[in-house]
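Here is the structure we will look at.
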Amino acid sequence: MKPFTLHPFTLFTLYLFTLVSCNTVEKQYKVIDGFALGTTYRIIYRDAEGRDFQPAVDSLLTVFNRSLSIYDTTSIISRVNRNEAVEVDDYFMEVFHRSQEMYTISEGVFDISAAPLFDAWGFGFKHKEKVTPGIIDSLKTFVGMDKLTLDNRQIIKSDPRISVSTNAIAKGYSVDVTAKWLETQGITNYLVEIGGEIRCAGKNKKGDLWSVGIDRPEDGNMIAGETLEAVVQFTGRAMATSGNYRKFYVENGKKYAHTIDPRTGYPVNHNLLSATVYAADCMTADAYATMFMVVGLEQAKVLLTEHLELGAYLIYEEAGQMKSYATPDVQAMLRP
């Protein structure tokens with residue numbers, strides 16, 4: 001029996017077909033970007049029909065903004081903070097309920113009602129106060145999600161001075177909302193990024209897993225993606241990063257980071273520089289990344305052993321050097 005061989009013309013035809021097919025697939029990928037929640041977004045997706053989802057996504061995020069953006073003075077959350085009578089929408093309800101769960105799980109570490117503390121330390125919308133132990137103790141009397149309830153779509157406060165900020169979870173949820181909307185349109189290959197928080201599915205235009213960089217948490221590294229500590233390849237998950245290297249100030253020679261521990265009322269002071277968390281949804285990843293930055297490296301490691309559904313890449317300082325810790329699943333996703 002003669003060995004099976006392909007005629008040169010057949011080989012050329014197969015090569016040409018493969019080349020054309022790859023080019024066709026790559027052309028099916030579209031990129032849209034814009035602004036939402038006081039930050040930027042970028043979405044890459046594959047659509048054989050070539051549809052432009054920019055108008056729909058902008059409309060979706062505009063509605064989301066009107067619910068949970070503290071940068072919009074007319075938003076639902078802004079009106080809640082001003083104690084106006086307002087019914088919250090589904091977006092607000094979802095974030096509020098998940099925040100309650102995280103408040104309980106974290107024993108008060110994750111707390112969206114800590115907004116007055118951020119204001120006092122100069123990381124909110126008000127001018128920084130001269131912080132004293134007395135001021136912090138006073139503010140803590142109306143901080144705590146146990147002082148808030150949701151009844152018939154209305155937020156009930158035990159003290160009118162209570163205010164909330166969902167910055168530590170809303171961005172992640174906006175990623176989930178956008179990703180799920182894309183899926184309703186039949187999109188199975190996509191990457192949604194809003195303010196650095198990401199959720200992806202399927203593969204990129206090269207047919208590979210999505211590659212995403214983790215910024216090196218150096219003071220002054222203000223441009224995302226400019227200096228990377230690591231690159232991971234993954235799909236079917238979400239990731240969120242929290243860190244103290246972009247939002248801080250130095251006063252009297254001391255650095256004050258924007259991560260506040262609601263339990264003490266003071267900025268954290270430990271060696272964890274940034275926390276990148278991987279989860280099934282971005283809202284969860286966002287919340288845990290914030291929580292890890294509050295509790296620090298060792299407690300974050302303990303929590304990861306208790307929540308095996310999470311992955312993490314933690315960057316910390318030790319003896320003046322930057323080091324990292326990755327859970328086994330994330331270690332396997334690291335690109336050489």
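Where a number appears in this text, it was derived from the coordinates with a stated rule and is not lab data. Since we're looking at a predicted model, the values are computed, not measured. Neighbour counts are summed over all protein chains in view; Cβ atoms, including those assigned to glycine, are modelled from backbone coordinates with ideal geometry.
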(request) Evaluate Rg over Rh across region 132-178, taking Cα atoms for both radii and Kirkwood's formula for Rh. (result) 1.10
(request) Please list the non-local residues whose amide H lies under 5 Å from the amide H of Thr40, H modeled 1.01 Å from N, same-chain partners needing a gap of 5 or more. (result) Gly195
(request) Would you tally the net charge around Arg263, using a Cβ to Cβ cut-off of less than 9 Å, leaving Arg263 out, and scoring K and R as +1, D and E as -1? (result) -2
(message) Suppose the chain between His307 and Ala56 were pulled fully straight at 0.36 nm per residue; how much longer would it get relative to their current alpha carbon spacing?
(response) 86.8 nm
(request) Within the set of other residues whose C-beta is less than 9 Å from the C-beta of Gly196, count the net charge using Lys and Arg as +1 and Asp and Glu as -1. (result) -2
(message) I want to check the label-to-label distance for Met93 and Phe35. Put each point 7 Å from Cα in the C-beta direction and report it in nm to one decimal.
(response) 3.2 nm
(request) Mind checking the full-extension length gain between Ile105 and Thr149? Use 0.36 nm per residue of separation minus the Cα-Cα distance, one decimal, nm. (result) 14.1 nm
(request) Give, as a single signed number, the net charge of other residues whose beta carbon lies under 11 Å from the beta carbon of Asp72, with Lys and Arg counted +1 and Asp and Glu -1. (result) +2
(request) Starting from the amide H of Gly122, placed 1.01 Å from N in the peptide plane, find each other amide H under 5 Å away whose residue is 5 or more places distant or on another chain. (result) Glu129
